[in-house]
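As structure tokens, the structure follows; a few thoughts come after it.
The values are calculated or read from the model by the stated rules, or taken from the named source; none is laboratory data. Since we're looking at a predicted model, the values are computed, not measured. Side chains included, ligands, DNA and RNA excluded: accessible areas come from the protein's heavy atoms. Shrake-Rupley method; radii C 1.70, N 1.55, O 1.52, S 1.80 Å.
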Amino acid sequence: MTWVWKPLAYSGGHIHTEPDLVVWREIAAVGEDPLDGSTIRLQVRYGDKLGRYYIAGFALGDLGESNEVTGARLRDMPILSHLRDALDGYAEVMLSTGDSFDPLQVSAARSEIIDGGPSSREAMLATARVYRYAQILNLSPAFAVQTTLGLTAPTATLWIRRARSQGLLGTYGQTDG
């Protein structure tokens, strides 16, 4: 099924997290399958200890008898995948300055960031922001750093370790990267 996601609804106030990102405490996501009219509702919360969004509630609804919600259908429902689809590119992640954060902006400036090398504060801050953005949205953080900055996997891992050692990533996901 291909879900079409409606605009997300935010509530619960803002949460400040490392390195300088701001996210909403709660998000409600509603998607619809245009082929059969199925709807999915996800209630998502930011977990302070987890350092990312988690699924707090899930509902599946259908139109008509031919699309009955059964146990088999629920077992086949890739809920985490739906969470990623609903949040990636749509969730509002901001910088503490109030500006919107988008990894595509980092990707556009990657040649300047990479030129500074792993010793530059700008490179480490960009690494930490991209990493935390992906981590918050339940995406692959190390892969996000690698692709956004155009690094090899070993180089991305090195940059992530340096950003973590500089205290830019907090204590979330110590086994990642």
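Quick notes on this structure:
- Ligands, DNA and RNA excluded, the heavy atoms of SER100 present near 80 Å² of accessible surface to a 1.4 Å solvent probe.
- PHE143 accessible area, 1.4 Å probe, all protein chains in place, Å² to nearest 10: 120 Å²
- As a fraction of the 1.4 Å probe accessible area of the chain, surface on carbon and sulfur atoms comes out at 52 percent.
- Convex hull (Cα only) mean projected area of the stretch 27-177, reported in nm² to one decimal: 10.6 nm²
- Potential extension, SER100-SER165 segment - 0.36 nm per residue separation minus Cα distance: 20.8 nm
- P(r) tail fraction, the stretch 1-114 - alpha-carbon pairs more than 20 Å apart, %: 49 percent
- If you take the Cα centroid of the stretch 108-132 and the Cα centroid of the stretch 1-75, the two points sit 31 Å apart.
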